[in-house]
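Please read the structure below before turning to the comments.
The values are calculated or read from the model by the stated rules, or taken from the named source; none is laboratory data. Predicted, not measured: the structure shown is a model, and the values here were computed from it. Quick reminder, even Gly has a Cβ in these numbers, built from the backbone with ideal geometry, and neighbours come from all protein chains shown. To get the accessible areas, we keep the full protein, side chains included, count just its heavy atoms, and leave off ligands, DNA and RNA. Shrake-Rupley method; radii C 1.70, N 1.55, O 1.52, S 1.80 Å.
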Amino acid sequence: MLTASFYTLGCRLNQTESALIAQSLKAKGYEITEAKTGADLCVINSCTVTGPSDLKCRQLIRQVQKQNPGAKVAVIGCYSQMASEEILAIGGVDLVLGTEDKLKLAQYLDLVEPGGEPVVRVGAIGKGAFSLDAPVQHRGLTRANLKIQDGCDFLCSFCIIPQARGRSRSRLFEDTLAEARSLGAAGVKELVLTGVNLGCYEEGGKGFLDLLAALETVPGVERIRISSIEPTTLGTQVFGPMADRGAKLVPHLHLPLQSGSDRVLKAMRRRYDQAEYLAFLEQAVREVPDLGVGTDVIVGFPGETDREFQDTYDLLARSAVQYFHVFPFALRPGTKAESMEGFLSPQVITERALALRELGDQKQEAFARSYLGREVRVLFEHNGGGNRWSGYADNYLRVQLHSEQALGNQLVQVKITGNQDSLALGELMAPEG
Ligand code: SF4
């Protein structure tokens, strides 16, 4: 049997797409391997979000070629879309597919001839609604990403996504539901909705909230999670189902803030100011009990002053946000930010990132501590060895406990008895099924 290995860089959407491609390769007779050597096919699903991401991808291509001599090498995705010539210049790459064609990798493989010219398909990206060929062989999987949307129309000044992934488009409503039903029937208990700009979902007159309502009815699925959503795109009506513990939508929001300074937000071309962000968040916290909140922040954007960084720090310190993904600013050539002035030294950017990460660690730990003595519902995912089971509560609190009982893919009530940094430790209560 032929083997294929995957190297997925970048975002959750890339992970989702790698999983879909892996399914289509399995249908073609490939076995997917975790091994870093000896594969017959190596698929690099690339990212181009910053200059350093491109460099990382080129390094990975060389490393994969070295470790898998004789393997076919396919480089697909955002970096392929933006700079296929840089990939071809490395040599030894057999297949380069851009955004529009990456999911058809299994078909394009048939065109690759041993020792022949590389097959390159990088072209215009579609603008309309799309469907996905999503064969489901997810048995044993607890959580599955469900792709509902792609691309973005927002044109933030630091971001290349609108060029790399095209403009916003949505997956056909019925096609999305069909995959959700297959996943539910295959035993997947949690769906994580993925896309670039989820709140822009619109297909056949149905919006994001309509899709959420329809997904509530999917048999087998017990939890629905929104992966990350732009602050201005989600209506406050979502707080109703999020607060309803009879509903499948979990009380968890990941709302990218990027900066707590209005001047920087404007320079980033974000569509909200800090007061609007906070107002939305505060309403969410008032209306949704036990809400878990995460965010993304960019530090060291061109021209960011000490005061402006402090504004970000202070906003995050006093807000209900419990965990942050901190991104030190790295220029992506081809974005609006390229023509800006006031680039900061790497040292200043590193110091600011460090300060925010420390604050994030403290807040995440305080969040875990605040659950001491309380009961939460956890979907357990894996046994980390020694019968230490870990999983996530509805609000994304990470929980671990020791149990002789197999807990994989079970929703279980847990009493929190302590914490180890941001990890909540607990003991088992009555299983729900
Ligand atoms: S909202 Fe802004 S940061 Fe997010 S993908 Fe669109 S352009 Fe990029």
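Here are the numbers:
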{"item": "Sulfur and carbon atoms: percent of accessible area, the chain [1.4 Å]", "result": "50"}
{"item": "Cysteines without a disulfide-compatible partner [the chain; Cβ-Cβ under 4.7 Å]", "result": "Cys11, Cys42, Cys47, Cys57, Cys78, Cys152, Cys200"}
{"item": "Measure of compaction for the stretch 3-121 (Cα Rg per 2.2 N^0.38 Å)", "result": "0.94"}
{"item": "The chain: translational diffusion in µm²/s, Stokes-Einstein, Kirkwood Rh over Cα pairs, 37 °C, 0.692 mPa s", "result": "143"}
{"item": "Volume per residue that the Cα convex hull of the stretch 337-433 spans, once the total is divided by residue count, Å³", "result": "144"}
{"item": "Net charge of neighbours whose Cβ lies under 13 Å from the Cβ of Val288, counting Lys and Arg as +1 and Asp and Glu as -1", "result": "-3"}
{"item": "Per residue solvent-accessible surface (Å²) - the chain, probe of 1.4 Å", "result": "43"}
{"item": "Within a Gaussian network of the chain (alpha carbon springs, distance under 10 Å), most fluctuating of Ala19, Ala355, Ala393", "result": "Ala355"}
{"item": "Candidate lysines - alpha carbon under 26 Å from Lys189, same-chain residues fewer than 8 apart omitted", "result": "Lys26, Lys147, Lys206, Lys248, Lys415"}
{"item": "Additional length obtainable on full extension of the chain from Glu216 to Asp314, 0.36 nm per residue less Cα span", "result": "31.5 nm"}
{"item": "Charge tally in the Cβ shell below 14 Å around Asp150, where Lys, Arg are +1 and Asp, Glu are -1, Asp150 excluded", "result": "+1"}
{"item": "Net charge over other residues, Cβ less than 13 angstrom from the Cβ of Gly115 (K, R count +1; D, E count -1)", "result": "-2"}
{"item": "Coordinate range along principal axes, alpha carbons of the stretch 64-196, Å, largest first", "result": "43, 39, 23"}
{"item": "Expected-Rg normalisation [2.2 N^0.38 Å, Cα atoms] applied to the stretch 375-431", "result": "0.95"}
